[in-house]
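Structure, as structure tokens:
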């Protein structure tokens, strides 16, 4: 008797996760996407992409309006939780607010991911809308002051694409980058003079132990409000050191601020003879 075996299922759990990630990554940018656009960006078969999109809508990972899809509220919720559960963010949040109040400028907290910086927080008032950054967005590290601050004191990415330019002032050569990072190490701060956004500048400082930056913060504003000297460098560096002290002090210093306080017991009155 001949026994015919069925071929193994080709869709393993890992493959499913990879495909879901591929679909969600297609939405990395502004605007909504149609099914055809998702198929074109992912390379998935149309039927597979359609099934995944419908399931992700049911799970609230995506939202559908007519024929268009966009990121759903569940991703917003999870992204917000990820940021607020992050120990660095907890340590930094109150000090970022203080730095904004002291300078009146937009304050960023960022980490390095590959050759890009990813923004973990952004604090500002009406001025913040003029700077095209948001929590979770990316920027080429060599174009941003926070990126140069981390690269100068941390591990540099294996490959920095210096052909990517944000403005005509962006760094475009290895020699320029090496010179700029040497200046950062010499002064402890990094500058961005219209290298990422025309008309705007930033002053940044690394966050981390000696010679080992894990993140950076910056103050940014219009060029006519920026001072690329100790007037901004000093408070930025002091804030960066304060954040790292909070991180090193452990959970006691970075515990959530929304914990309910226990009411104090009344002190019994003292009777005098």
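Things worth noting here:
- When the residues of segment 177-212 are filtered to those that are assigned to a strand (DSSP E or B) and out of contact with any strand residue (DSSP E or B) (no Cβ under 7 Å at 6 or more places or on another chain), the one that is modelled with the highest pLDDT is 212.
- Filter result for residue 233 (under 17 Å from residue 103 (Cα atoms), within 18 Å of the chain's Cα centre (by Cα), in contact (Cβ under 8 Å) with a residue 24 or more places away in the chain and surrounded by 14 or more Cβ atoms within 10 Å (Cβ to Cβ)): no
- For segment 208-230, the tally of residues that are in contact (Cβ under 8 Å) with a residue 60 or more places away in the chain and under 20 Å from the mean Cα position of the chain (by Cα) stands at 9.
- Matching option when the condition is modelled with pLDDT under 95 and either under 21 Å from residue 242 (Cα atoms) or outside the structural domain of residue 247 (by TED's automatic domain parsing) (or both), among 105, 109, 120, 95: 120
- Taking the criterion of being assigned to a helix (DSSP H, G or I), in contact with a helix residue (DSSP H, G or I) (Cβ under 8 Å, 6 or more places away or on another chain) and closer than 17 Å to residue 184 by Cβ, the residues of segment 222-238 that qualify are 232, 233, 236.
- Residue within segment 136-145 that is on the phi < 0 side of the Ramachandran plot, assigned by TED's automatic domain parsing to the domain that holds residue 199 and surrounded by fewer than 13 Cβ atoms within 10 Å (Cβ to Cβ) present: no
Each row is one residue, and each column tells you yes or no for (1) more than 20 Å from residue 205 (Cβ to Cβ); (2) modelled with pLDDT of 90 or more.
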site: 143; (1), (2): no, yes
site: 155; (1), (2): no, no
site: 162; (1), (2): yes, yes
site: 165; (1), (2): yes, yes
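- Failed item, numbered, when residue 185 is tested on (1) surrounded by fewer than 19 Cβ atoms within 10 Å (Cβ to Cβ); (2) closer than 15 Å to residue 196 by Cβ; (3) over 20 Å from the mean Cα position of the chain (by Cα): (2)
- Residue in segment 191-207 that is without any contact (Cβ under 8 Å) to a residue 40 or more places away in the chain, surrounded by 14 or more Cβ atoms within 10 Å (Cβ to Cβ) and at positive phi present: yes
- Selection within segment 17-59: residues that are surrounded by 14 or more Cβ atoms within 10 Å (Cβ to Cβ) and part of a loop (DSSP other than H, G, I, E, B). The member of this set that is farthest from the chain's Cα centre (by Cα) is 44.
- Of all the listed residues (122, 148), the sole one being under 24 Å from residue 97 (Cα atoms) and outside any strand (DSSP E or B) is 148.
The values are calculated or read from the model by the stated rules, or taken from the named source; none is laboratory data. Remember, it's a predicted structure, so these values are computed and weren't measured experimentally. Glycine also receives a Cβ, built like all others from the backbone with ideal geometry; neighbour counts cover every protein chain displayed.
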